[in-house]
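Student: Let me give you the structure first, and then I'll get to my questions.
The values are calculated or read from the model by the stated rules, or taken from the named source; none is laboratory data. Predicted model only: the values in this text are computed from it and were never measured. Cβ: placed from backbone, ideal geometry, glycine included. Neighbour counts: every protein chain shown. To get the accessible areas, we keep the full protein, side chains included, count just its heavy atoms, and leave off ligands, DNA and RNA. Shrake-Rupley method; radii C 1.70, N 1.55, O 1.52, S 1.80 Å.
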Amino acid sequence: GLTWATAARLISVALDGRLICWDGALKVEGVVDGTQGPLNCLSSDLTTGNLIYGGTQGTVAVTPPSGPTLKATVGKGIQHVITHSKGYSGAPEACVISLDDCIRRLDLTSGALSAPMELKEFVVGAGWLDVSETMLFLVTGKKNFHCVSDKEVLWTKPAATERRATSMAVIPGSPGKLAVALEQPGGYVGGVASNEFDIVFFEVQDTTADGLVEKAVLRKHLAEVSTMKFSPSGEFLATGDAANKIFIWSLASGTPMIHLSEWGFHTARIACLEWLPGGRKLVSGSLDRHLFLWDVDAPEKRIQVKEAHKGGVTSVAACGESSFASVGHDGFVLVHGA
């Protein structure tokens, strides 16, 4: 947009959120940074209360409960930010995964980034494999599984899935649980394209490559599974797809079973899911710009946050049992009461 500040000064708004001041001869007088461009990942460190987020411009930010925001520049778009649980005993940090196919450790106290660890593969999703949260598990676009420490790649399982993954979720435990959603199979059956969008469910019996044991294939979604999240206790798995549907799977019996299938009030692709710490309430965000807060104990009830982010919601993160944060294509970070 454009507006005249005075008869001799023009102000324009750039797509990246900057305000640019021009004089009467259309020479730039100054630039004021606005938002940091579209944001596509967000995580919360529940121990420190920090919000960590990043986006397409390659900057990752740490916003504490009070005090200034710390920023670090990677130079490539930020894909994933992985934080630790309250049970983590190490120094406050997060793992940052970017489009240069590298993993970096982010110091939440100083905002400093470590040297990059090159993976050289597009990362579909990542999460902690072990209870001590020192082993980061990654699923890549080349159908490979990787496990890395803060210094090196510990192991790789090539061709771990039949088809390319579209999303993943993992939760450590004894045993842990892993879910990997696969893209639609190619080809036709009877002249009709397959509508199977499988989720492969694994039991994590130990943290070696051979410790990931396939237990079941979940079939319910009729569109690409775009996001998944285990509840903190591992009792439920929430899955969302490109056709606006959210399913809740019960894992209590050891065999995943559909628990809820009526949550379909979004009108566009489900971009993100997040459980609140109690494991009974779920937040969903969509490209339809809206947020919903759901409750597995009262599945017919829902709270909608309308028009949360222009251009669509991209990520949500729990800040506690009574609040959560969201980011979107508009470049804003919002905190909501639950």
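Student: Tell me, what is a quarter of the convex hull surface for the C-alpha atoms of the chain, in nm² with one decimal?
Tutor: Details: hull surface 79.8 nm².
So the mean shadow area of the Cα hull is 19.9 nm².
Student: Which value, in debye to the nearest 20, gives the size of the charge dipole of the stretch 136-207 about its Cα centre, when Lys and Arg are +1 and Asp and Glu are -1 at the Cβ?
Tutor: Values: 7 positive and 8 negative charges, 35 e Å.
Dipole of the stretch 136-207, to the nearest 20 debye: 180 debye.
Student: Can you check what the net charge comes to around D23, using other residues whose Cβ is under 15 Å from the Cβ of D23 (Lys, Arg +1; Asp, Glu -1)? Mind showing how you got there, number by number?
Tutor: Working: positive: R9, K27; negative: E29.
Charge balance near D23 sits at +1.
Student: Go from 0 up to the bin containing the longest alpha carbon distance in the stretch 291-338, width 5 Å each, and give me the % of pairs per bin.
Tutor: Going out from 0 Å in 5 Å bins, the stretch 291-338 shows 5, 20, 30, 24, 15, 5, 2 percent.
Student: Taking the Cα centre of the stretch 184-297 as the origin, how large is its charge dipole in debye, to the nearest 20, when only Lys and Arg (+1) and Asp and Glu (-1) carry charge on their Cβ atoms?
Tutor: Working: 9 positive and 14 negative charges, 68 e Å.
Here the size comes out at about 320 debye.
Student: Using Cα springs under 10 Å in a Gaussian network model of the chain, which residue among G278, G176, G24 shows the largest mean-square fluctuation?
Tutor: Among G278, G176, G24, the largest mean-square fluctuation in the Gaussian network model of the chain belongs to G24.
Student: While we're on this one: On full extension of the chain, what length is gained from V131 through T47, given 0.36 nm per residue of separation minus the C-alpha to C-alpha distance?
Tutor: Details: separation 84, 0.36 × 84 = 30.24 nm, distance 1.61 nm.
Residue separation times 0.36 nm, minus the Cα-Cα distance, leaves 28.6 nm.
Student: What span do the alpha-carbon atoms of the stretch 193-303 cover on each of the three principal axes, reported in whole Å from largest to smallest?
Tutor: 41, 40, 21
Student: So what are the ³J(HN,Hα) numbers for the stretch 290-300, from phi and the Karplus equation (6.51, -1.76, 1.60; θ = phi - 60°), rounded to whole Hz, Gly and Pro as x?
Tutor: Rounded to whole hertz, the list is 9, 10, 10, 10, 10, 9, 5, 8, 9, x, 7.
Student: For the stretch 138-234, just the Cα atoms, rotate onto the principal axes and tell me the three extents in Å, largest first.
Tutor: 48, 28, 20
Student: Which whole-Hz couplings ³J(HN,Hα) result when phi for each residue of the stretch 311-326 is put into the Karplus expression 6.51 cos²θ - 1.76 cosθ + 1.60, θ = phi - 60°, listed in order with x for Gly and Pro?
Tutor: x, x, 7, 10, 7, 9, 8, 6, 9, x, 6, 10, 7, 8, 10, 9
Student: Can you give the charge dipole size of the chain about its Cα centre, rounded to the nearest 20 debye, using +1 on the beta carbon of Lys and Arg and -1 on the beta carbon of Asp and Glu?
Tutor: Details: 29 positive and 35 negative charges, 107 e Å.
Around 520 debye, computed over the chain.
Student: Return the long-range amide H neighbours of L287 (sequence gap of 5 or more, or a different chain), with a cut-off of under 5 Å between placed amide H atoms.
Tutor: Amide H neighbours of L287: R269, A271, V313.
Student: Once each part is reduced to its C-alpha centroid, what is the distance from the stretch 97-162 to the stretch 280-326 in angstrom?
Tutor: The two parts, judged by their Cα centres, are 27 Å apart.
Student: If you roll a 1.4 angstrom probe over the protein chains with everything in place, what fraction of the accessible area of the stretch 51-172 belongs to carbon and sulfur, to the nearest %?
Tutor: On the way: 2690 of 5190 Å².
Here it works out to 52 percent.
Student: Given H placed 1.01 Å from N in the peptide plane, which residues other than close sequence neighbours of V124 have an amide H under 5 Å from its amide H?
Tutor: Here the answer is V139, T140, G141, since their amide H atoms fall under 5 Å of that of V124.
Student: Which residue, G30, G55, G75, tops the fluctuation ranking in a GNM of the chain built on C-alpha contacts under 10 Å?
Tutor: Sorting by GNM fluctuation, first place goes to G30.
Student: Report the net charge of residues surrounding L113, where surrounding means a beta-carbon distance below 11 angstrom and charges are Lys +1, Arg +1, Asp -1, Glu -1. Can you show the working numbers first?
Tutor: Details: positive: K71, R104, R105; negative: E93, D107.
Residues near L113 contribute +1 overall.
Student: Given a cut-off of under 8 Å on Cα pairs at least six residues apart, what relative contact order in percent is computed for the chain? Can you show the working numbers first?
Tutor: Working: 921 pairs, mean separation 32.0, N = 338.
About 9 percent, as a whole number.
Student: Here's a follow-up. GNM, the chain, Cα, under 10 Å: largest mean-square fluctuation among A209, A298, A308?
Tutor: In the Gaussian network model the winner is A298.
Student: Using a probe radius of 1.4 Å on heavy atoms only, what accessible surface per residue do you get for the chain? Whole Å² is fine. If you can, show how the numbers build up before the last one.
Tutor: On the way: 15330 Å² over 338 residues.
Roughly 45 Å² per residue, with all protein chains present.
Student: Oh, and also: Determine the sum of side-chain charges near V170: Lys and Arg each +1, Asp and Glu each -1, restricted to other residues whose C-beta is under 12 angstrom from that of V170. Write out the running numbers ahead of the final one.
Tutor: Values: positive: K177, K229; negative: D130, E133, E203.
That sum, taken over residues with Cβ under 12 Å, equals -1.
Student: What FRET efficiency comes out for the pair V335/E152, r = Cβ-Cβ distance, R0 = 35 Å, nearest 0.05? All intermediate terms of the calculation are to be shown ahead of the outcome.
Tutor: Details: r = 37 Å, r/R0 = 1.05.
For R0 = 35 Å, the calculated efficiency reads 0.40.
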